[in-house]
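Working notes, structure below.
What follows draws every value from the coordinates through simple rules; no lab data is involved. It should be emphasised that the depicted structure is a prediction, and the values quoted were computed from it without experimental measurement. We place every Cβ from the backbone using ideal geometry, glycine too, and count neighbours over all the protein chains shown.
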Amino acid sequence: MTTNKSALNVSSRAENVIASPIRKFLPMVLAAEKRGIKVFKVNVGDSDIAVPEIFLKTVKKYNDKNIKYAPSSGVIEHMQAWIKYYKNFNIELKPENIIPTVGCAEAILFAILAVTDPGDEVMIFEPFYPSYKGLAAICNIKLVPITLHVENGFALPNKEEIAKKITNKTKALVVINPNNPTGSILNEKEIAVINQIAKEHNLFILADETYREIVFDKKPTSFLQFPEVRDNVIALDSVSKKFSCPGARIGSIASFNPEIMKSVLKIAMIRLSAPTLEQFGMIPLLSNATKYTKKITAEYKKRRDIVCSFLQKMPGVVCSKPDGALYVIAKLPVSNSEKFVEFLLNDFNYKNETVQITPVEDFYFTSGLGKNEIRIAYVLNQKDLKKAMVLLEKGLESYLSVNKN
């Protein structure tokens with residue numbers, strides 16, 4: 001007698017993880033390049049700005065014959081460098097207040113695991129960095145979106161509109177500031193509203209501050225600076241953008257809440273440690289951060305101005321000039337920006353060149369939003385960025401000529 005064996009199935013958790021909206025067009029890019037088309041890539045926040053030389057020099061000076069596991073709590077010299085870094089913002093951390101992570105993505109994961117149980121809810125302003133979707137899915141929690149709009153510069157709604165999303169399952173509110181993908185920055189009033197809501201409803205603030213220093217004409221801030229939410233705030237950070245080294249995969253998670261940090265340390269022990277060499281390499285950068293972040297920010301401001309000057313002249317395009325980070329969202333006169341991206345890669349070229357941008361629909365949680373929006377990452381040098389924007393303009397004209405919306 002034979003028995004029927006059920007098929008092998010992946011978990012629903014795995015099936016609920018979306019493909020990266022930033023990276024899923026790679027096969028089309030490779031095919032275009034194989035056809036001899038040069039693709040100007042402004043889709044990924046992977047800048048052409050060189051990593052400061054001191055990082056590479058420090059790694060080369062590593063003279064231990066073994067590359068051992070780092071402590072789960074971090075290499076002590078590395079942690080001291082983070083503490084020195086935060087003093088630039090008048091934030092006095094102790095070693096027990098901060099733990100290094102494998103980029104900001106792991107910091108986000110640790111924070112979610114530390115403050116939620118399966119079935120709990122976390123509020124988040126949309127559009128948002130899409131990795132939050134995947135991390136929420138694998139943690140079996142529910143994201144509750146609060147929609148922001150390009151027409152008013154992605155300003156936050158009033159306190160009442162935010163608070164009405166809170167239920168007895170709400171544990172935290174995610175704040176990405178400066179924001180990826182919008183480039184917007186919270187003003188003092190908006191920060192005060194977030195802090196009030198957190199205190200009144202006993203919520204954690206997951207403050208994703210990856211782009212903290214990349215702000216234009218404003219002063220960098222951190223939610224860790226506000227004593228009224230001292231126990232509510234969990235700051236998530238990364239060296240990827242502030243020092244232009246995303247491949248180094250070093251981030252951090254910091255909080256004044258001792259119970260949170262005890263929990264995070266136990267979770268960190270499960271994955272052993274953040275990379276040893278990169279922790280050593282980051283010591284001089286974190287210890288003298290302003291020297292490097294000022295130069296990087298100044299360059300991004302020039303690039304921001306180039307991108308916005310082109311977008312604002314394109315018929316039917318709507319965008320708000322970002323105050324920080326290295327991205328801008330633009331609403332296009334198209335019905336489906338993903339099809340437009342495919343058109344740019346598969347069907348369009350100008351003098352054997354085209355441009356790769358990112359459709360924004362997957363940066364929203366609410367179905368149907370963002371279908372006519374794109375994100376541009378100004379990660380190319382100024383000359384190439386101008387070429388990319390010319391290609392975008394010509395590509396949009398060509399697309400509209402054959403696709404009457």
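About its Cα centre, segment 1-128 has a charge dipole of approximately 800 debye under the convention of +1 per Lys or Arg Cβ and -1 per Asp or Glu Cβ, with nothing else charged. Applying the Karplus relation 6.51 cos²θ - 1.76 cosθ + 1.60 with θ = phi - 60° to segment 139-156 yields 3J(HN,Hα) values of 8, 6, 10, 10, 7, 10, x, 10, 7, 10, 10, 5, 4, 10, x, 6, 5, 6 Hz, where x marks Gly and Pro. Projecting the Cα atoms of VAL233, TYR62, SER255 onto the charge dipole of segment 54-289 (Cβ charges, centred on the Cα centre) puts TYR62 farthest toward the positive pole.
May I ask which of LYS159/LYS189; LYS351/LYS383; LYS171/LYS266; LYS171/LYS219 have a Cα-Cα span longer than 18 Å here?
LYS171/LYS266; LYS171/LYS219
Of the residues ILE197, ILE234, the one with the fewest other Cβ atoms within 10 Å heads the list, and the complete ranking is ILE197, ILE234.
What angle do you read, to the nearest 10 degrees and between 0 and 90, between the alpha-carbon axis of helix 276-287 and the longest principal axis of the chain? That works out to roughly 90 degrees.
Counting DSSP beta bridges in the chain, what percent are antiparallel, to the nearest 5? Provide the component values of the computation, followed by the final result.
Numbers: 18 of 41 bridges.
Given both bridge residues lie in the chain, the antiparallel proportion sits at roughly 45 percent.
What order do you get for MET261, MET269, MET282 when you list them from fewest to most C-beta neighbours inside 10 Å? Walk me through the numbers on the way to the answer.
Details: MET261 23, MET269 12, MET282 30.
Going from sparsest to densest Cβ surroundings: MET269, MET261, MET282.
Magnitude of the charge dipole for the chain, about its Cα centre and with charges confined to Cβ atoms of Lys, Arg (+1) and Asp, Glu (-1), is about 1000 debye.
In plain terms, the residue of LYS394, LYS241 with the fewest other Cβ atoms within 10 Å comes first and the most crowded comes last, giving LYS394, LYS241.
All other residues with a Cβ under 14 Å from the Cβ of VAL341 taken together, and with Lys, Arg as +1 and Asp, Glu as -1, what is their net charge? Walk me through the numbers on the way to the answer.
Working: positive: ARG23, LYS24, LYS41, LYS339, LYS371, ARG375; negative: GLU338, GLU342, ASP347, GLU361, ASP362, GLU373.
Cβ neighbours under 14 Å give a net charge of 0.
Please name whichever of PRO333, THR293, LEU272 sits farthest to the positive end of the charge dipole of segment 254-346, dipole taken about the Cα centre and charges placed at Cβ: Lys and Arg +1, Asp and Glu -1. Positive-end residue among those listed: THR293. Here segment 54-289 is assigned +1 on the Cβ of each Lys and Arg and -1 on the Cβ of each Asp and Glu. Its dipole about the Cα centre then comes out at about 740 debye.
Between the listed residues LEU156, VAL51, TYR132, the Cα displaced farthest toward the positive end of the dipole of segment 33-170, a dipole computed from Cβ unit charges relative to the Cα centre, is found at VAL51. Among the GluC sites (Glu not before Pro) in segment 25-134, those placed in a DSSP loop whose Cβ has at most 11 other Cβ atoms within 10 Å are GLU92.
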